[in-house]
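Undergrad: First, the structure itself, so that you have it in front of you.
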Amino acid sequence: MRVTLKDGSVREYAGPMAIIDIAKDLSEGLARMACVGQIDGETADLRTAVDRDCAVNILTAKEEAGLSALRHTASHVMAQAVKRLYPEAKLAIGPSIADGFYYDLDLETPVTAEDLPKIEAEMKKIIKEALPIERFTLPREEAIAFMEDKGEPYKVELIKDLPKDAQISFYRQGEFTDLCAGPHLMNTKEVGKAYQLTSIAGAYWRGDEHNKMLTRIYATAFAKKEELDAYITMLEEAKKRDHRRLGRELGLFMMHEAGPGFPFFLPKGMVLKNTLLDYWREIHKRAGYVEISTPIILNRSLWETSGHWDHYKNNMYTTVIDEADYAVKPMNCPGGVLVYASEPRSYRDLPLRMGELGLVHRHEKSGQLHGLMRVRCFTQDDAHIFMTPEQIKDEIKGVANLIHQVYSLFGFRYHVELSTRPEDSMGSDEDWELATEGLRGALDELGLPYVVNEGDGAFYGPKIDFHLEDSIGRTWQCGTIQLDFQLPQRFELEYIGKDGEKHRPIMIHRVVFGSIERFIGILIEHFAGAFPVWLAPVQVKVLPISDKYGDYGKAVTARLEAAGIRGELDTRSEKIGYKIREAQTMKIPYMLVVGQKEEEEGTVSVRSRAEGDEGACSLEGFIHRIQKESLERV
């Protein structure tokens, strides 16, 4: 039996070998760190026997699949600990996720955050017991009976959804057995010490609000204690930066029970939002885009033609007008298509880049709503580009460069994913292949590294997703470029080519910010509310030392506003120290202290958020400084 390793070397074995034994043959150190293996690219338990010529890769927690297996095993340990402490608990699901894992449980006894240390202590005992983790399978009917005997109704429901001829996979550790596809570590001891339960939340079974609310326990696990410590530090920092708290304290936005998931922007928040939109319009005009606006509500037949009615109607708000079905738009693209089709087009008109700051509505489940990050109403900075096949790569490269320009301005690093055809898609294999290779070719020509995200494309075409990294290391998916052959066909779009014949254009859907609301939430947390000068809702706070200098303060504020600077005067009869501290709390970039000396000399005493007291300077000199910072978007 020939085994090809990751480095290309080949090892020969006389007979079947477990992956863990191959790891030991390579290195005892590798075997100690190994979490899972891969056989011809398929992830498997280390206990899996290799019995044929194949490629084998040993994965540690440094690789995503290895870390996922560690966390998935930790979720079973956590569920086992809960079952020991609360024997009446019913198991639902317990997957690993991007930053840890969770387990959903049906508990008769209410469990709160105060109970988490008790569960952690029981986990520690289970880990110390070093219980072997064993996999076994049962036919579907036996599996149902097995879980019914254990009194696990949620597991029974899951099994009943599987094919009748399926062999159902289980994992056992000590007295605990769970329905699971795996893979898992070899024994509970390998989970180690670097784990922590982080929070408790409610979660509807299967995400359906009509089902019972379960208790979800969130946690995380790492291979090393220092990695866990760094993560916990990041969580603590994230709490300080929570955009919901800062948005309220800084007067940017509010939410109200009258419209859950529908944000209200307050005056300062509108300044922030409009400043972003002004920047958007500036760079898009420079990049050759025209701006359009399309209706917020359109009839059902349009959404049927576009495919959204079949693929997305559960997330759409609908109504009846004149006895006909209408839907509030969840996307802007069909409106953009109608604008393209509104007049004859020639190859000379292409590429046609149409941008829209369109207000869209999507029905998100109440349990998924989260400040500005997940809302039911938001402004999407869409653009739709109509082009010839020969223009595909250049247009994709142009969008990618635009996205790079924007993210660099805010100090975001990012990585790129190429998402391919999903199961729920429309269109021919040939169109999907051409579209996917068009995106891949543009990325290769740009020299942008990327990973392939199989099956995560839109229903109408493959896409490139941009995941930006904020100042504390969290990633957010914002920008996207989606190549679409389907909507131009479904709407029978045309242009007259050089040959005088009719041809079908190809369409790009793309966003840079994505949801403006969500991007603002990300910016609030990225900057911890301390926005750069050009973006700050209030750029300068004028602070008279006493009421006697209020008139001079008004004159200074008026001069700032006349120069296009967003200034605000503090007219309260408070001590200057209090005013300074409050302006700092409100994260104002600059404070101008004015008193007798400043009034007599026509100057201002400057305090900056970053440097503190900077001394006196002329008002005109200060104005020039702020104008320069704003213009250059420092």
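The values are calculated or read from the model by the stated rules, or taken from the named source; none is laboratory data. Everything quoted here is computed from the prediction, not taken from an experiment. Positions of Cβ are generated from backbone atoms using ideal geometry, with glycine treated the same way; all protein chains shown enter the neighbour counts.
Undergrad: Would you mind telling me which numbered condition in (1) among the aromatic types (F, W, Y); (2) under 30 Å from F386 (Cβ atoms); (3) surrounded by fewer than 22 Cβ atoms within 10 Å (Cβ to Cβ) Y549 fails?
TA: The one condition Y549 does not meet is (2).
Undergrad: Which residue, of I396, I385, I392, is touching a helix residue (DSSP H, G or I) at 6+ places or on another chain (Cβ under 6 Å), modelled with pLDDT of 95 or more and within 19 Å of P488 (Cβ to Cβ)?
TA: After ruling out the rest, the residue left standing is I385.
Undergrad: To continue, here is another question. Output the number of residues of segment 215-227 satisfying the condition of being part of a strand (DSSP E or B) and of a type outside the set (V, I, T).
TA: 4
Undergrad: Filtering segment 55-80 down to residues that are among the β-branched types (V, I, T) and assigned to a helix (DSSP H, G or I), which residue is surrounded by the fewest Cβ atoms within 10 Å (Cβ to Cβ)?
TA: Step by step, filter segment 55-80, then rank; the result is V77.
Undergrad: Taking A583 as the residue in question, decide whether it is small (G, A, S) and buried (at least 20 other Cβ atoms within 10 Å of the Cβ).
TA: Judged against the criteria, A583 is a match.
Undergrad: Next question, about the same structure. Could you please tell me which pairs satisfy a Cβ distance under 6 Å, a separation of 6+ or placement on different chains, a first residue in segment 146-175 that is surrounded by fewer than 19 Cβ atoms within 10 Å (Cβ to Cβ), and a second residue that is assigned to a loop (DSSP other than H, G, I, E, B)?
TA: S169/A181; G174/L131
Undergrad: Do you know which residues across segment 228-267 are outside any loop (DSSP other than H, G, I, E, B) and of a type in the set (A, V, I, L, M, F, W, C)?
TA: Residues satisfying the conditions are L228, A230, I232, M234, L235, A238, L246, F253, M254, F264, F265.
Undergrad: Another question, if that's okay. Considering only segment 433-455, how many residues are in contact (Cβ under 8 Å) with a residue 12 or more places away in the chain and within 16 Å of I396 (Cα to Cα)?
TA: 14
Undergrad: Failed condition for Y13, given (1) aromatic (F, W, Y); (2) touching a Gly at 6+ places or on another chain (Cβ under 7 Å); (3) not assigned by TED's automatic domain parsing to the domain that holds E122, with all others met?
TA: If we test Y13 against (1) aromatic (F, W, Y); (2) touching a Gly at 6+ places or on another chain (Cβ under 7 Å); (3) not assigned by TED's automatic domain parsing to the domain that holds E122, just (2) comes out false.
Undergrad: Here is a follow-up. Is it true that some residue in segment 416-434 is at pLDDT 90 or above, touching a Ser or Thr at 6+ places or on another chain (Cβ under 9 Å) and part of a loop (DSSP other than H, G, I, E, B)?
TA: So far as segment 416-434 goes, yes, one or more of its residues are at pLDDT 90 or above, touching a Ser or Thr at 6+ places or on another chain (Cβ under 9 Å) and part of a loop (DSSP other than H, G, I, E, B).
Undergrad: Having 3 or more residues that are farther than 30 Å from D381 by Cβ is the bar; report the strands (runs of 3 or more DSSP E) wholly within segment 504-622 that clear it.
TA: 540-544, 590-594, 603-608, 612-618
Undergrad: Just one of G307, G288, G355 is on the phi > 0 side of the Ramachandran plot and at pLDDT 95 or above; which is it?
TA: G288
Undergrad: Name the residues in segment 483-504 that are modelled with pLDDT of 90 or more and farther than 22 Å from S301 by Cβ, would you?
TA: The answer is Y495, I496, G497, K498, D499, G500, E501, K502, H503.
Undergrad: Also: Is it the case that some residue within segment 58-67 is within 19 Å of R11 (Cβ to Cβ) and without any contact (Cβ under 8 Å) to a residue 60 or more places away in the chain?
TA: Yes; the residues of segment 58-67 include at least one that is within 19 Å of R11 (Cβ to Cβ) and without any contact (Cβ under 8 Å) to a residue 60 or more places away in the chain.
Undergrad: While we're here: Pick out the one residue from A230, A221 that is touching a residue at least 12 places away in the same chain (Cβ under 8 Å) and either surrounded by 12 or more Cβ atoms within 10 Å (Cβ to Cβ) or among the basic types (K, R) (or both).
TA: Testing whether each residue is touching a residue at least 12 places away in the same chain (Cβ under 8 Å) and either surrounded by 12 or more Cβ atoms within 10 Å (Cβ to Cβ) or among the basic types (K, R) (or both) leaves just A221.
Undergrad: Here is a further query. Being of a type outside the set (V, I, T), free of Cβ contacts under 8 Å to residues at least 40 places away in the same chain and touching a strand residue (DSSP E or B) at 6+ places or on another chain (Cβ under 7 Å) is the filter here, so list the residues in segment 479-516 that pass it.
TA: Of everything in segment 479-516, those that are of a type outside the set (V, I, T), free of Cβ contacts under 8 Å to residues at least 40 places away in the same chain and touching a strand residue (DSSP E or B) at 6+ places or on another chain (Cβ under 7 Å) turn out to be Q482, K502.
Undergrad: Can you go through G457, G461, G479 and tell me which one is crowded, with 19+ Cβ neighbours inside 10 Å, touching a Phe, Trp or Tyr at 6+ places or on another chain (Cβ under 8 Å) and modelled with pLDDT under 90?
TA: G461
Here is a yes/no grid of residues against (1) closer than 27 Å to K224 by Cβ; (2) surrounded by 14 or more Cβ atoms within 10 Å (Cβ to Cβ); (3) assigned by TED's automatic domain parsing to the domain that holds K189:
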{"position": "K6", "(1), (2), (3)": "yes, no, no"}
{"position": "A18", "(1), (2), (3)": "yes, yes, no"}
{"position": "L30", "(1), (2), (3)": "yes, yes, no"}
{"position": "A34", "(1), (2), (3)": "yes, yes, no"}
{"position": "D40", "(1), (2), (3)": "no, no, no"}
{"position": "T43", "(1), (2), (3)": "yes, yes, no"}
{"position": "R47", "(1), (2), (3)": "yes, yes, no"}
{"position": "V50", "(1), (2), (3)": "no, yes, no"}
{"position": "D53", "(1), (2), (3)": "no, no, no"}
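Undergrad: Being surrounded by fewer than 12 Cβ atoms within 10 Å (Cβ to Cβ) and of a type outside the set (S, T, Y) narrows it down to one of P260, P267, so name that one.
TA: Only one candidate passes the filter, namely P267.
Undergrad: Answer yes or no as to whether A79 is in contact with a Gly (Cβ under 9 Å, 6 or more places away or on another chain) and either in contact (Cβ under 8 Å) with a residue 60 or more places away in the chain or under 20 Å from A203 (Cβ atoms) (or both).
TA: So A79 fits the description; yes.
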